[in-house]
Amino acid sequence: MTRTSELPSITPARPAPSPLVLIFLGIVTGYLSGLFGVGGGVVVVPALLLLGVDQRIAVGSSVAAILPTSIVGAAGYAISGDVDWLAGLMLALGIIAGAQLGSYLLARLPKDLLFWLFLVFMTAVVVSLWIVIPQRDDAISLTPISAIALILTGIVTGIFSALLGVGGGIIIVPILIFFFGASDLIAKGTSLLMMVPGSISATIGNTRRRNFNLRIAAFVGISACTASPLGLLTAHAISPFWSNAAFSVLMAGVAIQLLVKRLRTRLKRS
């Protein structure tokens, strides 16, 4: 008797996503990751849900796919000198601690209040991206105060990531630009570096809980790695203004996606 997989990765009503679909999804994800310095979960998770993948498996597979993509993207930015290693380490320490704290607070905090506060934050960021244009030679100035602020930023980012299911890059990149004086390229490269230890930690946990599908993660992750350098080249080719403009469109799309998801959840409950 053959043993079937114990991993409930696909809902019974729909077939498993084809390799070609997953490869295309990975290419889009990798390009956006390299271009914006984000993990790509804002694209992968909704797409997998539309393809009939269980939400828990979709999230876990997305995190696993982001790991190699983040490594390739961070390496690409590092080659061009656009990664602040110390800042990335401090953010990573904070985001890992914040994610654990967010998981603990998940059932203890009013999520509605946090959701609307986060939506206000994202709206303010979208507006600011059209006002504050970074310079390409700007760097993060590390002092004892800014080091503490980076760790606290990572903690807050980890909390919101755990509570609202958003990726850290979508929060970290604009914060590094506006509050730490980073150029858009350094913000993106440092953001990708920050994701590596967090993705490793989350993937280990998801592996133990069988919360991801290796086939999905492999197809999406490997194809994303091939497209990430193209996104990185585009990021270097466009001006900081157009970089901000494109990122504001991504932020607005994420905000709309979260709002629609919240409204659908409320309608189902009612």
Note: among Leu49, Leu20, Leu25, Leu7, just one is surrounded by fewer than 19 Cβ atoms within 10 Å (Cβ to Cβ) and modelled with pLDDT of 95 or more, namely Leu20
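Enumerate the helices (runs of 4 or more DSSP H) found wholly within region 179-270, keeping only those where 1 or more residues are touching a Cys at 6+ places or on another chain (Cβ under 6 Å) and small (Gly, Ala, Ser).
Passing ranges: none, list empty.
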Cβ pairs under 8 Å, 6+ apart or interchain, first in region 200-216 and without any contact (Cβ under 8 Å) to a residue 60 or more places away in the chain, second outside any helix (DSSP H, G or I), ordered by first then second residue, are Gly205/Asn211
May I ask you to say which residue of Val249, Val220, Val260 is touching a residue at least 60 places away in the same chain (Cβ under 8 Å) and of a type in the set (A, V, I, L, M)? Val220
Every residue in region 243-264 that is modelled with pLDDT under 85 and either touching a strand residue (DSSP E or B) at 6+ places or on another chain (Cβ under 7 Å) or of a type outside the set (A, V, I, L, M) (or both), please. Gln257, Lys261, Arg262, Arg264
Pick out the one residue from Asp84, Asp137 that is closer than 20 Å to Gly167 by Cα and acidic (Asp, Glu). Asp84
Quick check on my filter: what residues within region 150-175 are aliphatic (A, V, I, L, M), assigned to a helix (DSSP H, G or I) and either under 20 Å from Gly41 (Cα atoms) or out of contact with any helix residue (DSSP H, G or I) (no Cβ under 8 Å at 6 or more places or on another chain) (or both)? Ile155, Val156, Ile159, Ala162, Leu163, Leu164, Ile170, Ile171, Ile172, Val173, Ile175
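Specify which of the listed residues (Ile171, Ile151, Ile145, Ile95) is over 26 Å from Ser228 (Cα atoms), buried (at least 16 other Cβ atoms within 10 Å of the Cβ) and not polar (S, T, N, Q).
Working: Ile171 fails: over 26 Å from Ser228 (Cα atoms); Ile145 fails: buried (at least 16 other Cβ atoms within 10 Å of the Cβ); Ile95 fails: over 26 Å from Ser228 (Cα atoms).
Result: Ile151 is the single residue among Ile171, Ile151, Ile145, Ile95 that is over 26 Å from Ser228 (Cα atoms), buried (at least 16 other Cβ atoms within 10 Å of the Cβ) and not polar (S, T, N, Q).
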Mind listing whichever residues of region 77-115 are among the hydroxyl-bearing types (Ser, Thr, Tyr) and within 21 Å of Ile200 (Cβ to Cβ)? Tyr77, Ser103, Tyr104
Whichever residue in region 63-86 is surrounded by 17 or more Cβ atoms within 10 Å (Cβ to Cβ) and of a type in the set (S, T, N, Q) and, among such residues, is farthest from Asn213 (Cα to Cα): Ser70
Residues in region 213-220: is at least one under 24 Å from Ala99 (Cα atoms) and surrounded by fewer than 17 Cβ atoms within 10 Å (Cβ to Cβ)? yes
Report yes if Ser191 is surrounded by 20 or more Cβ atoms within 10 Å (Cβ to Cβ) and at pLDDT 90 or above, otherwise no. yes
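The values are calculated or read from the model by the stated rules, or taken from the named source; none is laboratory data. Since this is a predicted model, take the numbers as computed values, not measurements. All Cβ positions, glycine included, derive from the backbone under ideal geometry; neighbour counts span all protein chains shown.
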